[in-house]
Amino acid sequence: MAPPTAARARGVSELVRAARVRVCGDVPVTWDPLGQRAVASVHPWFGARPERKLAPVWVRPRQCRSLDLWLSVCESTCREHAQMIKSKLRPVVVPQLEHARLSGTLASLWGNPDFDPPAIDRLSFVAGVGLHDRGYGQLDAFDLFEIPQAAWLEITRRGFYAPCSDPVADLITKHHLKRLAGSHVFANEMALVIQAQLRNHGFSPEQFMRLDRVTDLCDRIALKFCLQQSATGNVTVFPKDSSTEEIQVHFTLENGTIRVEPWPFSVERYSTFVIGYAQAGYPETLDPIILPVELTQAPGSGTASP
């Protein structure tokens, strides 16, 4: 980024008037009036890791907010030291986009005599689940388990308000992001937006609540797969659109194989893949690694008792 002009730099100096300011918590930033730049010298969000000196980061004058300034620093650090989803098995990372694509693949297979397919357009359903982490972009470099809350919130806000011409897919994604927001104050704002969209389109809140259970299951399975370690989990879903009966769906992952019981998919087995990248040099250097995925029905799998 080009350095700011003297006139524009004055806009920044209004924000960083003192020699040291607090940005999104405890990130100390020093204003260099000669170089006309704000320089963050310590990044405390990496816990007990040694303090790292950061290169000077040009900020956007007048358009800058404290969070913008912090994010510009955080992104440069995370690109060097953290990746999105790190394999627990080997030095491989998986971008959110690939993790989400696997979630969408699972959603595309949902439905059989025991589990009703979604009572909406299937492609809209797949798009909503497959783009549930749309705020991260193509090749994110934030570690899911180390990303600071302020940065995660900004990414989530970007994903929540991203334009989408498909109202069904958009609401599926919005419900997912609101669930992740938990009790954060932003969740209240999200709820109001979702309620307004549901009313405007005449959609059923109950229907999207049910769909979000499936999104949650697909997301959890895809995330655990990308970590490449043995894992188990479960999510309670509504197998029948006409019933309030709930069933707990259990999944296991072992050596790249996903097993789900009771079986909610339309095929007995399915093979696909996720594209990961060698951790060294990512994302500036992209060394692709194919991670095979096997989705298979456990012997004797059927509908569980509620």
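Annotations
- Applying the Kirkwood pairwise sum to the alpha-carbon positions of the stretch 85-297 produces a hydrodynamic radius of 17.7 angstrom.
- Approximating the spin labels as points 7 Å out from Cα along Cα→Cβ, the Arg158-to-Glu268 distance works out to 4.5 nm.
- Cβ-Cβ distance of Glu189 and Asp121, R₀ of 41 Å, FRET efficiency by 1/(1 + (r/R0)^6): the value works out to about 0.90.
- The stretch 163-192 and the stretch 88-110 have Cα centres separated by 21 Å.
- In plain terms, the residue of Met190, Met209 with the fewest other Cβ atoms within 10 Å comes first and the most crowded comes last, giving Met209, Met190.
- Cβ-derived FRET efficiency at R0 35 Å, Asp166 paired with Asp241, nearest 0.05: 0.95
We did not get these values from a lab; they are worked out from the coordinates using the rules stated. For clarity, every value in this text was computed on a predicted model and none was experimentally measured. Please note: Cβ atoms are built from the backbone with ideal geometry, for glycine as well, and neighbour counts cover all protein chains shown.
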